[in-house]
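Quick notes on the structure that follows.
The values are calculated or read from the model by the stated rules, or taken from the named source; none is laboratory data. Worth saying up front: this structure is predicted, and the values here are computed from it rather than measured. Note: ideal-geometry Cβ built from the backbone for every residue, glycine included; neighbour counts use all protein chains shown. For accessibility, only protein heavy atoms count, side chains too; no ligands or nucleic acids. Shrake-Rupley method; radii C 1.70, N 1.55, O 1.52, S 1.80 Å.
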Amino acid sequence: MLQVQYIKDHREEVINLLAIKNFKASDLIQQVIDLDIKRRNSQKKLDDLLAESNRSAKEIGMLYKTGKVEEANKLKEVTIEYKHEAKVLSDRLGEVSDQLNALLLEIPNVPHPSVPGGNTEQDNVLVFEEGSFPELDEKALPHWDLIKRYDIINFELGNKVTGAGFPFYKGKGARLQRGLINFFLDRALEAGYIEYQTPLLVNRDSGYGTGQLPDKDGQMYKINEEDYYLIPTAEVPITNIYRNSILKAADFPIKNVAYSNCFRREAGSWGKDVRGLNRLHQFDKVEIVQIQHPEKSYETLEEMKDHVASLLRELKLPFRIMRLCGGDLSFTSALTYDFEVFSGAQKKWLEVSSVSNFESFQANRLKFRFKDTDGKTKLTHTLNGSALALPRIVAALLENNQTEEGIRMPEVLIPYTGFEVIS
RNA sequence: GGAGAAAUGGCAGAGUGGUCGAAUGCGGCGGUCUUGAAAACCGUUGAUCGUUUACGCGGUCCGGGGGUUCGAAUCCCUCUUUCUCCGCCA
């Protein structure tokens, strides 16, 4: 959520930058500014009335003390009137505030000036590419065939026990999952992150805090009995740790990492590009989150980008980094790098990580502030990234490393998997 | 699940209807003293909204929400959480 003051001070800039996201903001922003004036007027009226009412109440106390009961009773009648008026004003203020808030929730984050224009992923800009495509022969199999051949991931069982998109991992498939999770966590710890295990269910306030609600309501699984949501990413619980809190400038940077299951309904996107591990309803992910001083958040974004790149390099997967264009950028993000690995048999780039700077957009919703060295309380900047999401990494590892003798694990994973070949 | 107790500022802990945004202690910050540090002493120390060029002034906040009252940290209702005892349980 953007701050009203910021919108007022940077009106034209906000409108122009939001246009990069293909968001027409001028009408909304006019409404926000009008409502803000209305809100402040209502607030002033109410405050003045309450001040008067408070003065009367004190005076009545004094009158009682000095035995002037009649005068006190007279004053009471006046004060009761104040109370009725205050109720009306307070209701009006509440309405105006709610309206204003609802409008603010509709305005997406302002993109960083370096975000390219464009509508779809076709318009994303390649910023880095590394590694060579695997040399596979004609008979190379896509991962959905490989997993059957070696009996390591079973979709049919998942269909039977739960439904589509909830596979079982079995034998070396399960051990590969466990190995990757530990590998990613260890690398994050070496980079100075603190490990967390989080709840997999969060409440409504947390959903609003990180921006999944209200706009992505239908994408999360919901527990109706408790009004809880299954997390789509560990970003939600990890970032909501800091909801309604105030840090010191010396606390930066905060670096957290969490492995979690992630649950996504993927409503609307089922049907294409979803074969095998390409898109699941439940998957595993190691997520890194950083909390940073506003002046340093873009340095931090680069650091996180480098961390993710180093993981892919170690796994010897060919990858590229894309700067998302305005149309592909999420509601909450100011700048996002997507990481894609090349999956040799599908001959496709698969998105395996998304590293974003949300600037103060989440922090404003979260009421997550810090006391700066100048003594002022300001909003923090929040960033996060996948490091990494497992299923597509597994898909690429299986496809790119297949040989006549089986699937060879990359050197770096062998201590983690405990085996060299899936055969 | 049942019975009881509790929730106050960064922490501990007073406060049961009228200058209480809240005593006191610890911690934090500034200063005096000291070669330096500690101790001691003095001062200061919450968030948020509105208003003001500014000094300041005003509103709101004592777990969340609602109510009683001219006036609520204090009384009532409700929800949540924590603790103790019992039950159940990986």
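Just checking, does the range A:92-104 include any residue being on the phi > 0 side of the Ramachandran plot, away from RNA strand B (no atom under 14 Å from the Cβ), within 34 Å of the chain's Cα centre (by Cα) and touching a residue at least 40 places away in the same chain (Cβ under 8 Å)?
Looking through the range A:92-104, none of the residues is on the phi > 0 side of the Ramachandran plot, away from RNA strand B (no atom under 14 Å from the Cβ), within 34 Å of the chain's Cα centre (by Cα) and touching a residue at least 40 places away in the same chain (Cβ under 8 Å).
Check A:355, A:341 and return the single one that is more than 16 Å from RNA strand B (Cβ to nearest atom), within 11 Å of the chain's Cα centre (by Cα) and crowded, with 20+ Cβ neighbours inside 10 Å. Full working, then the answer.
Working: A:341 fails: within 11 Å of the chain's Cα centre (by Cα).
Being more than 16 Å from RNA strand B (Cβ to nearest atom), within 11 Å of the chain's Cα centre (by Cα) and crowded, with 20+ Cβ neighbours inside 10 Å holds for just one of A:355, A:341, which is A:355.
Would you mind finding the one in A:105, A:126, A:89 that is more than 30 Å from residue A:339 (Cα to Cα) and among the aliphatic types (A, V, I, L, M)?
Just one listed residue meets the conditions, A:89.
What do you reckon, is residue A:22 assigned to a loop (DSSP other than H, G, I, E, B) and under 30 Å from residue A:329 (Cβ atoms)? Spell out the reasoning first.
Values: assigned to a loop (DSSP other than H, G, I, E, B): yes; under 30 Å from residue A:329 (Cβ atoms): yes.
Taking the combined requirement at face value, the residue satisfies it.
Give the range A:118-138 a look and list any residue that's over 19 Å from residue A:321 (Cβ atoms) and surrounded by fewer than 16 Cβ atoms within 10 Å (Cβ to Cβ), or say none.
A:119, A:135, A:137, A:138
Just to confirm my filter: which strands (runs of 3 or more DSSP E) fall fully inside the range A:194-302 and include at least 2 residues that are surrounded by 15 or more Cβ atoms within 10 Å (Cβ to Cβ) and in contact with a Cys (Cβ under 6 Å, 6 or more places away or on another chain)?
Working: elements: A:194-196, A:201-203, A:228-230, A:245-248, A:254-263, A:282-292.
Because the criterion is at least 2 residues that are surrounded by 15 or more Cβ atoms within 10 Å (Cβ to Cβ) and in contact with a Cys (Cβ under 6 Å, 6 or more places away or on another chain), the strands (runs of 3 or more DSSP E) in the range A:194-302 that meet it are A:282-292.
Restricting to the range A:49-89, give me the number of residues that are of a type outside the set (A, V, I, L, M), touching a residue at least 12 places away in the same chain (Cβ under 8 Å) and within 9 Å of RNA strand B (Cβ to nearest atom).
Number satisfying all stated conditions: 8.
Go through the residues of the range A:19-36 one by one and say whether even a single one is within 12 Å of RNA strand B (Cβ to nearest atom) and in contact with a Ser or Thr (Cβ under 9 Å, 6 or more places away or on another chain).
Looking through the range A:19-36, at least one residue is within 12 Å of RNA strand B (Cβ to nearest atom) and in contact with a Ser or Thr (Cβ under 9 Å, 6 or more places away or on another chain).
Within the range A:58-70, count every residue that is in a helix (DSSP H, G or I) and surrounded by 14 or more Cβ atoms within 10 Å (Cβ to Cβ).
3
Take residue A:42 and decide whether it is open to solvent by less than 30 Å² (accessible area, probe 1.4 Å), near RNA strand B (Cβ under 8 Å from one of its atoms) and farther than 24 Å from residue A:209 by Cα.
no
List every residue pair whose Cβ atoms sit under 6 Å apart, with the two residues 6 or more apart in sequence or on different chains, where the first one lies in the range A:192-217 and is charged (D, E, K, R) and the second, anywhere, is open to solvent by less than 70 Å² (accessible area, probe 1.4 Å).
A:195/A:257; A:204/A:227; A:215/A:331
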